[in-house]
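Please read the structure below before turning to the comments.
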There are 2 protein chains.
Amino acid sequence: MSEIDKYPSRAGRKARLEPRVDPVVYALDPLELAAHLTPDQVAQYERDGFMILHDVFSVEEVRCFRDELDRMRRDVNLQGHDEAISEPDSGEIRSIFSVHNISPVFSRLASDARLAGIAQGLLNDGVYIHQSRLNYKPGFSGKEFYWHSDFETWHVEDGMPAMRALSMSITLTENTQNNGPLMLMPGSHKHYAVCTGKTPANHYLASLKKQEYGVPEADLLTKMAKQSGIVSALAKAGSVIIFDCNVMHGSNSNITPDPRSNVFFVYNAISNRVAEPFCEQPPRPEYVSSRRHIERITPRQFDTGSYR
Amino acid sequence: MSEIDKYPSRAGRKARLEPRVDPVVYALDPLELAAHLTPDQVAQYERDGFMILHDVFSVEEVRCFRDELDRMRRDVNLQGHDEAISEPDSGEIRSIFSVHNISPVFSRLASDARLAGIAQGLLNDGVYIHQSRLNYKPGFSGKEFYWHSDFETWHVEDGMPAMRALSMSITLTENTQNNGPLMLMPGSHKHYAVCTGKTPANHYLASLKKQEYGVPEADLLTKMAKQSGIVSALAKAGSVIIFDCNVMHGSNSNITPDPRSNVFFVYNAISNRVAEPFCEQPPRPEYVSSRRHIERITPRQFDTGSYR
């Protein structure tokens, strides 16, 4: 309520870039992360706002995750539930939210030290899952996802106070240059792209399919892309793409026969848990943004057998 | 009328791959093309069904083509004309047909020996322009174009008897891996993907925006992509992508700020000029498919100054 709005956006504001006032890496010494990341990797993450860790999960682990994905997409109990988001045209399930709550496999994965240990280290705090998602970008008809900073939405619509959160996308299929890979603008996380417009009621219902508010202006995007270039995150299955909550990203469509699937966890610092939204609307529901049900994660060591 | 249908498709046929019964390279000796292409390039074209010639046009020439593109997109006389195709959503002009007839610059370009000389050589015949097009895939909102073989449509809807035609796409902007480049399946031109369905009346009006017939089945595409892989045609502005009339190709959307523009000429062998369509519909109009107005091209030597 009385929380100061460090990053005002929408509500009649003009589109512009403002400096980020929060750190990217909260660890005071990169060596604190030595168990997981080299100092070079930490420096790269600080500079670019993202990094790719290749071959983190074994072929067998990936198989378990994909089996679980297939099971959930076919789960009749899930169809029609809020958590399951379908393609605008085909009606096929495209995303399932809150998988750390509804799937034992992905619940375990969220606390895997290979993920949660890094999140805890980079944010230098206890962490919890702000949002989790299973993304299935089908072959032939995978839709594009327009440029956005996650933080803008999490801040305005969820009331996340500061930039002290990060996302981890675990690739379940190979992400090639042709199947609509995640594209990022390196360095874009150091500025906050203020968006125009107002937040309409129940915006999340439409925005999970196609975002229309919290979308940066074309001029700002052109400027940012010119400064930074655009990098596609190409990786084999079993890799982890770690990206800062404020890095500009998006993806093109996918007409290739190869689906692009991933599991996606947003780790937020306990000290940064959401407050009242910074807009005139009620908070988004629990399955898109944890608010009441917040569980501090204890990173656990898993081995290949753990996911069977 | 009494022309034999060598490549029947639609009209109740089942989706399947049939062998191509026409040559790819009609020149009897690759050395006949020595003025334009090395024997290796000819062999590659025969094998893959496409090739990229880099840096064919100078920076100055590309500037002339782009100026002409910009002029035409703003030409109020063109807006609302059949030749100008707009984006389904935004209404922005996305393609202009028949540019070799309505633009003096692109009329000259169509007869440039760097293009027409190669077409004539590969097809070993006099050539004319079956179709020409200016494609403008805008930044931020460029739409995808689904997989297709051009020949299937040209055969069924235009009555092109044999596979003795090729396309040349002259890049007017850089084609990067991120801005929805042309994707091709190498070797796919050696089979004909029979499509299902019937050809509806005035199909071309809808299909120029979004194709629904003459679209290969997903199973066939998966099989072809597995066999051949998928290659993105990446090239700087001023390059030429030459591809066989029957190679499977398509492109993803473009959310990057960088537009992807090209001029596109289809060279058909004079001996292969269109007859009656191989479907129950009247032929498509002249601006999509030359029928009455056929002019044999005499390749001409141009230098940089010629396009000013």
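Over the Cα atoms of chain B, Rg to Rh with Kirkwood Rh, two decimal places?
0.93
For the stretch A:33-192, which semi-axes, largest first and in whole Å, follow from the square roots of 5 times the eigenvalues of its Cα gyration tensor? Mind showing how you got there, number by number?
Numbers: eigenvalues 138, 75, 60 Å².
Equivalent-ellipsoid dimensions as semi-axes: 26, 19, 17 Å.
Considering only protein heavy atoms and a 1.4 Å probe, what is the carbon-and-sulfur percentage of the accessible area of the protein assembly as shown? Numbers along the way, then the final one.
Details: 12450 of 25270 Å².
That fraction is 49 percent.
Once you have all Cα-Cα distances for the stretch A:1-111, histogram them in 10 Å bins from zero and send the whole-percent values.
10, 23, 24, 31, 11, 0
In Å² (nearest 100), what accessible area is buried between B and A, both sides summed, heavy protein atoms only, 1.4 Å probe?
2000
Indicate the helices, whole DSSP H runs only, in chain A that combine a mean Kyte-Doolittle hydropathy of 0.5 or more with a Cα extent along their long axis of 24 angstrom or more. Provide the component values of the computation, followed by the final result.
Working: long enough: none.
Result, helices passing both filters: zero.
What distance in nm lies between label points placed 7 Å from Cα along the C-beta direction at A:A34 and A:I4?
Taking the simple label geometry, A:A34 and A:I4 are separated by 3.7 nm.
Roughly how many Å is it from the Cα centre of the stretch B:173-189 to that of the stretch B:31-98, as a whole number?
Their Cα centres are 14 Å away from one another.
Please work out the FRET efficiency for the pair A:H54 and B:H293, using the Cβ-Cβ distance as r and a Förster radius of 51 Å; give the result to the nearest 0.05.
Once the sixth-power term is evaluated, E becomes 0.35.
Ordering A:D158, A:D48, B:D89, A:D29 by how much accessible area each has at a 1.4 Å probe, largest first, what is the list?
Order by accessible area, largest first: B:D89, A:D29, A:D48, A:D158.
Using amide H atoms built 1.01 Å from N in the peptide plane, name the residues 5+ places from B:L182, or on other chains, whose amide H lies under 5 Å from its own.
B:A233
Can you give the average number of partner chain beta-carbon atoms within 10 Å of each beta-carbon in peptide B:249-255, as a whole number?
So the per-residue partner count for this stretch is 6.
What accessible area per residue comes out for the stretch B:1-53, rounded to a whole number of Å², with a 1.4 Å probe?
I get 60 Å² per residue for this part.
State the Kirkwood hydrodynamic radius of the protein assembly as shown in Å, one decimal place, computed from all pairs of distinct Cα atoms. Don't skip to the answer; put the middle values down first.
Details: mean 1/r = 0.0380 Å⁻¹.
So the Kirkwood estimate lands at 26.3 Å.
Can you compute the radius of gyration and Dmax for the stretch B:92-181, using only the Cα atoms, both in Å?
When restricted to the Cα atoms of the stretch B:92-181, Rg and Dmax are 14.6, 42 Å.
From the protein chains alone at 1.4 Å, what is the descending order of accessible area for B:S98, B:S107, largest first?
Of B:S98, B:S107, the descending order of accessible area is B:S107, B:S98.
On the full set of protein chains, 1.4 Å probe, figure out the accessible area of B:H54 and give it in Å² to the nearest 10.
My reading of the accessible area for B:H54 is about 100 Å².
Between B:Q301 and A:I270, what is the label-to-label distance in nm when each label sits 7 Å out along the Cα-to-Cβ direction?
8.0
If each label sits 7 angstrom from Cα along the C-beta direction, how far apart, in nm, is A:R63 from its counterparts in the other copies?
List, nearest first: 6.0 nm.
Of the residues A:S90, A:S253, A:S58, which exhibits the maximal mean-square fluctuation in a Gaussian network model of chain A defined by a 10 Å Cα contact cut-off?
Ranking A:S90, A:S253, A:S58 by mean-square fluctuation puts A:S90 first.
Residues of the stretch B:218-234 losing 40 Å² or more of accessible surface, assembly versus chain alone, probe 1.4 Å, please list them.
B:I230
In what sequence, largest accessible area first, do B:L37, B:L28 appear using a 1.4 Å probe?
Most to least solvent-accessible, the answer reads B:L28, B:L37.
Just read off the accessible area of A:F264 with the full protein assembly in place, 1.4 Å probe, to the nearest 10 Å².
A:F264 has an accessible surface of roughly 10 Å² with all protein chains in place.
Between A:T298 and the same site in the other copies, what are the distances in nm, shortest first, taking label points 7 Å from Cα along the C-beta direction?
8.8
Divide by every residue of chain A the summed helix terms, -39500 (n - 2.57) for each DSSP H run of at least 4, and state the resulting mean residue ellipticity at 222 nm, rounded to the nearest 500 deg cm²/dmol.
-6000 deg cm²/dmol
Can you pull the accessible area of B:K198 for me, 1.4 Å probe, Å² to the nearest 10?
Counting only protein heavy atoms, B:K198 exposes about 140 Å² to solvent.
List, in the order given, every pair from A:K143/B:K190; A:K190/B:K226; B:K137/B:K226; B:K143/B:K223; A:K137/A:K226 whose Cα-Cα distance in the structure shown is over 32 Å.
Working: A:K143/B:K190 30 Å; A:K190/B:K226 41 Å; B:K137/B:K226 28 Å; B:K143/B:K223 25 Å; A:K137/A:K226 28 Å.
Where the Cα-Cα span goes over 32 Å, the pairs concerned are A:K190/B:K226.
Could you list the GluC sites (Glu not before Pro) in the stretch B:1-91 that lie in coil according to DSSP, counting only those with at most 16 other Cβ atoms within 10 Å of their Cβ? Mind showing how you got there, number by number?
Values: sites: B:E3, B:E32, B:E46, B:E60, B:E61, B:E68, B:E83; in loops: B:E3, B:E83.
Counting only loop positions with at most 16 other Cβ atoms within 10 Å, the GluC sites (Glu not before Pro) in the stretch B:1-91 are B:E3.
How large is the convex hull of the C-alpha atoms of the stretch B:159-308 per residue, in Å³?
Expressed per residue, the convex hull around the Cα atoms of the stretch B:159-308 is 153 Å³.
The values are calculated or read from the model by the stated rules, or taken from the named source; none is laboratory data. Just so you know, these numbers come straight off a predicted model, no measurement behind them. Backbone-built Cβ (ideal geometry, glycine too); neighbour counts: all protein chains shown. Accessible surface areas use protein heavy atoms only, side chains included; no ligands, DNA or RNA. Shrake-Rupley method; radii C 1.70, N 1.55, O 1.52, S 1.80 Å.
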